[in-house]
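Single-structure report; data block below.
The values are calculated or read from the model by the stated rules, or taken from the named source; none is laboratory data. Note that the structure is predicted; figures quoted are calculated from it, not measured. Cβ: placed from backbone, ideal geometry, glycine included. Neighbour counts: every protein chain shown.
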Amino acid sequence: MSSDLQELYRERLGRYTACIALQETDRVPISFGTTYFATKHMGYTYQQVNYDPKASVQMEVDFAKKYPQQDTQRGNVSWAPPADITASVMSRSPGRDLPPTSLNQFVEGEYMKADEYRQFIEDPIGYKLDVFYPRVLGEYTKGSVRRYMMFLKSGFMAGFTSAMNREKVQRLKNECGMPVPSQGSFTAPFDLLSDSYRGLNGIMRDMFRQPDLVKEACEAVLPEVVHRAMASADSNKHLPIFIATHKPCFMSPKQFDEFYWPTFYKGVKMLIDAGWPFRIFLEGDWTPHWHHLNEFPKGTILADVDNEADIFEAKKAFGHTQAITGGIPTDMLILGTPEDIKARVKLLCETVGKDGGWMPNGGGHIPTDTKPENFVALLEAVNEYGRYHTGPAPEPVTRKDDPNLIAPDLPEPQLVTPWEVVKEEYGWSIPGDEELIKSWWDRLDRMAYNWVITTR
């Protein structure tokens with residue numbers, strides 16, 4: 001990495017993290033999910049970037065080089081082979097069962113029955129292996145050899161996926177001086193339960209018919225989603241952990257307050273107290289729930305406001321407590337003109353971005369069919385209207401060494417087979433360093449546990 005790119009990386013990261021922390025920056029940062037716009041714009045099919053790791057990473061690097069005005073680069077490409085290995089009924093991939101030019105799809109359903117909450121809560125591993133997987137993983141039902149091979153290949157694929165993601169981050173940094181906008185992910189317990197297990201129809205009925213079990217299940221999965229977020233988060237605590245919220249836009253304020261917010265707040269607050277900021281996509285219309293974001297410490301959240309909500313009202317409701325992105329209408333990006341885009345950015349810079357704490361965005365991302373000239377106009381307009389001063393960008397904000405950080409008060413990560421059990425079963429006397437051996441057993445067993453708990 002050249003010294004010039006090193007400096008450019010720090011400049012971009014400093015501008016981005018300072019905005020999240022509601023600190024002064026030299027100009028409005030540019031950080032949005034280009035998602036499938038980058039794929040289409042760079043001439044790739046969705047099948048290519050879902051199946052070819054070289055194409056997926058190269059697409060990101062090429063796009064970052066073509067548009068260096070950005071401060072971060074995120075394509076948010078899904079990776080399809082893990083779903084193929086298991087033959088999951090919950091996923092449809094471009095080129096496999098969709099046209100190569102189609103977006104990948106998630107197939108939601110009631111894969112956990114209404115009377116299975118207690119089994120899920122008390123024995124999640126046994127439940128998934130004995131009940132859940134036979135319903136959702138085709139390879140699981142094809143006999144023991146196919147099942148064992150499925151698990152083996154999934155383990156290989158998990159390592160391969162991690163390596164691919166690391167390569168993408170490093171190439172963007174070393175070749176482009178470009179940070180990614182987030183690292184690690186957190187799923188709201190209610191979303192995990194409703195997305196992967198009960199489905200929207202099921203969870204809505206459950207909130208009326210068995211509300212206590214819904215709450216208990218959310219509490220039960222909370223430690224696992226927090227552990228998973230910590231394992232994948234930025235160790236320097238520069239980059240925010242990402243959350244996509246799925247069900248709040250379907251919930252009344254009373255339902256949200258009772259079922260969604262308690263475990264969502266608890267998990268996010270634990271990780272904020274440990275030093276991580278968050279980037280939260282407020283999918284759909286979060287207007288009735290906005291006031292809750294003021295409950296988090298000031299300058300710890302970057303909220304992507306969807307186009308179903310009003311960016312100006314979002315600024316009034318919580319935009320002086322947390323940073324926000326958004327404000328560029330989807331139809332304007334797809335059907336409008338560069339002049340429309342520039343006028344909109346100018347308005348936003350003079351209003352919601354006037355005192356900082358705002359970044360331009362579409363409804364959480366740049367739409368696939370955005371006109372390239374409109375995308376260029378967006379970048380140019382931020383540089384024209386979004387400058388606060390002529391000085392340098394601030395240094396990256398980090399809380400890694402803050403002595404006031406609080407380690408999350410969580411139970412120890414779960415194990416399927418504790419070391420003491422396997423040691424006794426095989427009669428290992430351990431004449432050497434037992435802790436060295438045990439550490440690897442526990443680490444791999446936890447990884448297996450987490451794979452089973454989180455894989456759908």
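Of note:
- Of all residues making up the range 271-293, the number that are part of a helix (DSSP H, G or I) and either under 21 Å from Asp402 (Cα atoms) or modelled with pLDDT under 95 (or both): 3
- Among the residues making up the range 212-261, those that are touching a strand residue (DSSP E or B) at 6+ places or on another chain (Cβ under 8 Å) and crowded, with 22+ Cβ neighbours inside 10 Å are Ala229, Ala233, Pro240, Ile241, Phe242, Ile243, Thr245, Pro248.
- Pairs with Cβ under 8 Å, 6+ apart, first in the range 178-191 and within 17 Å of Ile30 (Cα to Cα), second among the polar types (S, T, N, Q) and modelled with pLDDT of 95 or more: Met178/Gln70; Met178/Thr72; Pro179/Thr72; Val180/Thr72; Pro181/Ser31; Pro181/Thr72
- Of all residues in the range 251-287, those satisfying the criterion of being among the aliphatic types (A, V, I, L, M) and closer than 25 Å to Met359 by Cβ are Val268, Leu271, Ile272, Ala274, Ile280, Leu282.
- Trp286, sole failed condition from (1) crowded, with 20+ Cβ neighbours inside 10 Å; (2) closer than 20 Å to Val28 by Cβ; (3) among the aromatic types (Phe, Trp, Tyr): (2)
- Of note, Lys298 does not satisfy the criterion of being part of a helix (DSSP H, G or I) and either buried (at least 17 other Cβ atoms within 10 Å of the Cβ) or at pLDDT 95 or above (or both).
- Helices (runs of 4 or more DSSP H) contained in the range 43-152 and holding at least 1 residues among the polar types (S, T, N, Q): 46-51, 53-66, 81-86, 117-122
- Test: Gly391 is more than 24 Å from the chain's Cα centre (by Cα) and assigned to a loop (DSSP other than H, G, I, E, B): yes
- Here the range 415-429 is the region considered, the condition is being surrounded by 12 or more Cβ atoms within 10 Å (Cβ to Cβ) and hydrophobic (A, V, I, L, M, F, W, C), and the residue that is nearest to Leu152 (Cα to Cα) is Val416.
- Considering the range 9-42, and only residues there that are under 18 Å from the mean Cα position of the chain (by Cα), assigned to a loop (DSSP other than H, G, I, E, B) and of a type in the set (S, T, N, Q), the residue that is surrounded by the most Cβ atoms within 10 Å (Cβ to Cβ) turns out to be Thr34.
- Looking only at the range 328-387, and only at residues there that are under 20 Å from Phe318 (Cβ atoms) and β-branched (Val, Ile, Thr), the one that is surrounded by the fewest Cβ atoms within 10 Å (Cβ to Cβ): Thr351
- Filter result (in a strand (DSSP E or B) and either farther than 23 Å from Ala303 by Cα or free of Cβ contacts under 8 Å to residues at least 40 places away in the same chain (or both)) within the range 334-373: none
- Of all the criteria given as (1) without any contact (Cβ under 8 Å) to a residue 24 or more places away in the chain; (2) surrounded by 15 or more Cβ atoms within 10 Å (Cβ to Cβ); (3) more than 29 Å from Val49 (Cα to Cα), the one not satisfied by Ser144 is (2).
- Residues in the range 406-429 that are in a loop (DSSP other than H, G, I, E, B), out of contact with any helix residue (DSSP H, G or I) (no Cβ under 7 Å at 6 or more places or on another chain) and not charged (D, E, K, R): 5 in all.
- Any hit, the range 398-420, residues being within 30 Å of Phe63 (Cβ to Cβ) and either hydroxyl-bearing (Ser, Thr, Tyr) or over 26 Å from the mean Cα position of the chain (by Cα) (or both): yes
- Residue match in the range 177-187 (condition: crowded, with 20+ Cβ neighbours inside 10 Å and more than 20 Å from Leu13 (Cβ to Cβ)): yes
- Output for the range 97-131, where each listed residue is free of Cβ contacts under 8 Å to residues at least 24 places away in the same chain and of a type outside the set (Asp, Glu): Leu98, Pro99, Gln105, Val107, Lys113, Gln119, Gly126, Tyr127, Val131
- Pairs where the first residue, in the range 195-212, is at positive phi and at pLDDT 95 or above and the second is among the aromatic types (Phe, Trp, Tyr) and crowded, with 16+ Cβ neighbours inside 10 Å, C-beta under 9 Å, 6+ apart: Gly199/Tyr111
- Residues considered: Phe278, Phe264. Of these, the only one that is buried (at least 18 other Cβ atoms within 10 Å of the Cβ), closer than 30 Å to Leu213 by Cβ and in contact with a Pro (Cβ under 6 Å, 6 or more places away or on another chain) is Phe278.
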